[in-house]
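Asks: For reference, the structure I am asking about is given below.
The values are calculated or read from the model by the stated rules, or taken from the named source; none is laboratory data. Note that the structure is a prediction, hence the values are computed from the model and not measured. Glycine gets a Cβ as well: all are built from the backbone with ideal geometry, and neighbour counts include every protein chain shown. When the accessible area is computed, the model is the full protein with side chains, heavy atoms only, and any ligands, DNA or RNA have been set aside. Shrake-Rupley method; radii C 1.70, N 1.55, O 1.52, S 1.80 Å.
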Amino acid sequence: LTSEEIEPTIRWARLVRLADRRGSRPLVGEPETDLRVYSRQLDAVLASQSPVGGSLSQADYQQWLRERGLLVRPGTPQWTTIQTQLDPDILAQWQAISGGRAPAQAALSSDEIRQLMYTAVAAGVRGLCFQSLSSLEADDEAARARARALELANLELELLTPWASAGRFTMTASAQGEPGMMGAVIQTERARLVLPLRAPTTAPTVPRGTDGRVSYIVPGVPESHKAFELTP
């Protein structure tokens with residue numbers, strides 16, 4: 001959505017709400033410009049980006065999400081797409097350079113999807129839409145692996161829901177034991193959640209997960225609190 005679609009969107013939003021008085025389903029739109037104007041008409045604003053395989057670093061991606069959240073009307077939830085495959089333009093360049101030897105489709109690893117998901121939650125995003133360029137029902141190993149990765153991601157999201165839906169980002173926790181790691185601290189009234197993330201770098205890709213043991217230092221935690229590891 002751009003400036004040209006503002007008036008039609010206002011009319012469509014009014015008509016849809018009149019027709020949906022009983023359901024009260026949320027209206028979601030993806031504005032590229034005039035975010036404050038569109039957020040007055042929409043119940044949630046969607047932001048799309050495909051950082052893996054492109055020139056956008058993890059640090060820039062998180063900053064972009066935070067800045068987009070500041071441009072909407074206060075209180076409007078921000079949603080974002082989570083990339084699960086490489087962008088078709090990137091794949092086309094890859095095939096051209098490799099003489100056609102590159103795969104027609106390239107799925108992100110489970111850890112890459114998880115890092116994008118955690119980065120979005122730490123940036124204050126309230127809704128995630130997993131972007132799929134090919135069917136998850138395809139009868140090949142790549143599609144089955146991607147389906148399993150997304151199933152795991154949704155199981156983890158169920159655990160994160162109390163913090164992702166109502167918490168707020170408070171600080172970045174330093175990590176010890178594994179170079180390049182950090183923790184995003186999401187706080188609710190009674191608990192803090194530490195999301196393990198790779199430290200922001202200028203690299204345009206999301207590195208693999210750590211195999212080592214990592215300790216996080218979270219300032220300000222009451223002595224009465226206990227630590228738990230959440231896993232599906």
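Asks: For S98, work out the one condition from (1) closer than 21 Å to Y61 by Cβ; (2) open to solvent by less than 40 Å² (accessible area, probe 1.4 Å) it doesn't fulfil.
Replies: That leaves (1) as the condition not met.
Asks: Confirm whether L56 is in contact (Cβ under 8 Å) with a residue 40 or more places away in the chain, touching a Ser or Thr at 6+ places or on another chain (Cβ under 7 Å) and among the aliphatic types (A, V, I, L, M). Talk me through it step by step, then tell me what you get.
Replies: Working: in contact (Cβ under 8 Å) with a residue 40 or more places away in the chain: yes; touching a Ser or Thr at 6+ places or on another chain (Cβ under 7 Å): no; among the aliphatic types (A, V, I, L, M): yes.
Here the answer is no, as L56 does not meet what is asked.
Asks: Here is a further query. Among L152, L136, L108, which is surrounded by 17 or more Cβ atoms within 10 Å (Cβ to Cβ), in contact (Cβ under 8 Å) with a residue 12 or more places away in the chain, of a type in the set (A, V, I, L, M, F, W, C) and in contact with a helix residue (DSSP H, G or I) (Cβ under 9 Å, 6 or more places away or on another chain)?
Replies: L108 is the lone residue from the list that is surrounded by 17 or more Cβ atoms within 10 Å (Cβ to Cβ), in contact (Cβ under 8 Å) with a residue 12 or more places away in the chain, of a type in the set (A, V, I, L, M, F, W, C) and in contact with a helix residue (DSSP H, G or I) (Cβ under 9 Å, 6 or more places away or on another chain).
Asks: Looking only at the range 64-81, decide whether some residue is under 24 Å from A184 (Cα atoms), among the small types (G, A, S), without any contact (Cβ under 8 Å) to a residue 60 or more places away in the chain and open to solvent by less than 90 Å² (accessible area, probe 1.4 Å). First the steps, then the outcome.
Replies: The initial filter retains those residues of the range 64-81 that are under 24 Å from A184 (Cα atoms), namely 64-72, 74-81.
From the residues that got through so far, the ones that are among the small types (G, A, S) too are 69, 75.
Imposing the further condition that a residue be without any contact (Cβ under 8 Å) to a residue 60 or more places away in the chain reduces the set to 69, 75.
Narrowing the set further to residues that are open to solvent by less than 90 Å² (accessible area, probe 1.4 Å) leaves 69, 75.
For the range 64-81, residues under 24 Å from A184 (Cα atoms), among the small types (G, A, S), without any contact (Cβ under 8 Å) to a residue 60 or more places away in the chain and open to solvent by less than 90 Å² (accessible area, probe 1.4 Å): present.
Asks: If I ask for residues that are exposed (fewer than 13 other Cβ atoms within 10 Å of the Cβ) and modelled with pLDDT under 85, which ones from the range 155-179 would you list?
Replies: Within the range 155-179, Q176, G177, P179 meet the criteria.
Asks: Of the conditions (1) open to solvent by 20 Å² or more (accessible area, probe 1.4 Å); (2) of a type outside the set (D, E); (3) in a loop (DSSP other than H, G, I, E, B); (4) closer than 27 Å to M181 by Cβ, V125 satisfies every one except a single condition; which number is it?
Replies: Just one mismatch for V125, condition (1).
Asks: Residue by residue through the range 1-39, note down the ones that are assigned to a loop (DSSP other than H, G, I, E, B) and open to solvent by 70 Å² or more (accessible area, probe 1.4 Å).
Replies: Narrowing the range 1-39 to residues assigned to a loop (DSSP other than H, G, I, E, B): 1-2, 20-27, 30-34.
Matches in the range 1-39: R21, R22, S24, R25, P26, E30, E32.
Asks: Another question about this same structure. Of (1) closer than 18 Å to F169 by Cβ; (2) assigned to a loop (DSSP other than H, G, I, E, B); (3) open to solvent by less than 60 Å² (accessible area, probe 1.4 Å), A120 satisfies all except one. Which?
Replies: (2)
Asks: Give the residues of the range 215-232 that are assigned to a loop (DSSP other than H, G, I, E, B) and either charged (D, E, K, R) or over 29 Å from N154 (Cβ atoms) (or both), sorted by residue number.
Replies: Taking the range 215-232 first, the residues assigned to a loop (DSSP other than H, G, I, E, B) are 218-232.
Correct list: P219, G220, P222, E223, S224, K226, E229.
Asks: Hey, can you tell me all the residues within the range 128-186 that are assigned to a loop (DSSP other than H, G, I, E, B) and either in contact with a Phe, Trp or Tyr (Cβ under 7 Å, 6 or more places away or on another chain) or closer than 15 Å to P196 by Cβ (or both)? Before you say what the answer is, go through the steps one by one.
Replies: So in the range 128-186, the residues assigned to a loop (DSSP other than H, G, I, E, B) come out as 132-140, 167, 177-180.
Hits for the range 128-186 are G177, E178, P179, G180.
Asks: How many residues does the range 7-25 contain that are free of Cβ contacts under 8 Å to residues at least 24 places away in the same chain and among the hydroxyl-bearing types (S, T, Y)? Step through it out loud before you land on a result.
Replies: Let us first name the residues in the range 7-25 that are free of Cβ contacts under 8 Å to residues at least 24 places away in the same chain, namely 7-8, 11-12, 14-25.
Applying the additional criterion that residues be among the hydroxyl-bearing types (S, T, Y) yields 24.
So the count comes out to 1.
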